[in-house]
Each structure stands twice: as C-alpha cells, then as structure tokens.
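Beneath this line is the structure, given in structure tokens, with notes to follow.
The values are calculated or read from the model by the stated rules, or taken from the named source; none is laboratory data. Values in this document were obtained by computation on a predicted structure and should not be read as measured data. Glycine gets a Cβ as well: all are built from the backbone with ideal geometry, and neighbour counts include every protein chain shown. Protein only, heavy atoms only, side chains kept; ligands, DNA and RNA dropped before computing areas. Shrake-Rupley method; radii C 1.70, N 1.55, O 1.52, S 1.80 Å.
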Amino acid sequence: QVQPVESGGGLVQAGDSLRLSCAASGRTFSHYAMGWFRQAPGKEREFVASISWSGGITSYADSVKGRFTISRDNAKNTVYLQMNSLKPEDTAVYYCAERRAPMTSTLSQSYDYWGQGTQVTVSS
C-alpha cells in the first residue's frame, strides 16, 4: 500500500513538545521528498515543512520556523516532525505527504500520496 501513516499526535499544553512520525510502505520511500501539512477546522490546508530525499534540504512555513524541525531516517523509511514550544494556534490535523520526486515543494498539489492525518491539540 503506497500511503504514509502518521503517528504521535495528542493533547498537550502550550509550551509543550510533540514528535510526529510518518512511515510509508512504498519501496521508493527513501527517494521521495516528504512534507508535512496541517488543517484546522474551517481553515484551508497549509504547508508546514518539507525535506528532500537526501535530507540535505529543508523548508519551513514562517509560522513554525525556529520551533519545528523536520528530519528523516531513510534506513527506517521514516520522517519526523519535532514540534517544540507549541502554541494553541498549532492545533490542527497534521498530514504527512510523499512527493514522487527528490526535490522539495511547498504546494500540496505537488504531492502524490497522503496519510490519514493525526490530531494535534494544544490547550492554553
């Protein structure tokens, strides 16, 4: 099944940290760029972070720069999103996505496979 699977979401307090994980069953996972997006109720889905297949190039939305870190371990076919200093504004369903290309993209239309999402709720 070529679909990533997210995990690690939950309910936390403002200022806390969470680490999201994303694993895929595809054989070419290690050669795909990966991205994280999020969507809050009543809002459009927005870009959060992305990483090239080699892990050498990363990109972040301005709203999460300095707080979130994306990384990947190709040997484990897993990408991570370390979220520190969480704010109530970070509350959303977080989606992991695969792009069938090695370079990163901030556009949701550029990604081919999407996970089901994991809920992150940050209380004040």
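Each row is one residue, and each column tells you yes or no for (1) touching a Cys at 6+ places or on another chain (Cβ under 9 Å); (2) more than 24 Å from Val2 (Cα to Cα).
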{"position": "Ile51", "(1), (2)": "no, no"}
{"position": "Ser54", "(1), (2)": "no, no"}
{"position": "Phe68", "(1), (2)": "no, yes"}
{"position": "Ala75", "(1), (2)": "no, no"}
{"position": "Met83", "(1), (2)": "no, yes"}
{"position": "Ala97", "(1), (2)": "yes, no"}
{"position": "Arg100", "(1), (2)": "no, no"}
{"position": "Ser105", "(1), (2)": "no, no"}
{"position": "Gln119", "(1), (2)": "no, no"}
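Sort out which residues of the stretch 1-60 are part of a loop (DSSP other than H, G, I, E, B), open to solvent by 80 Å² or more (accessible area, probe 1.4 Å) and modelled with pLDDT of 95 or more, and write them in order of number.
Lys43, Glu44, Arg45
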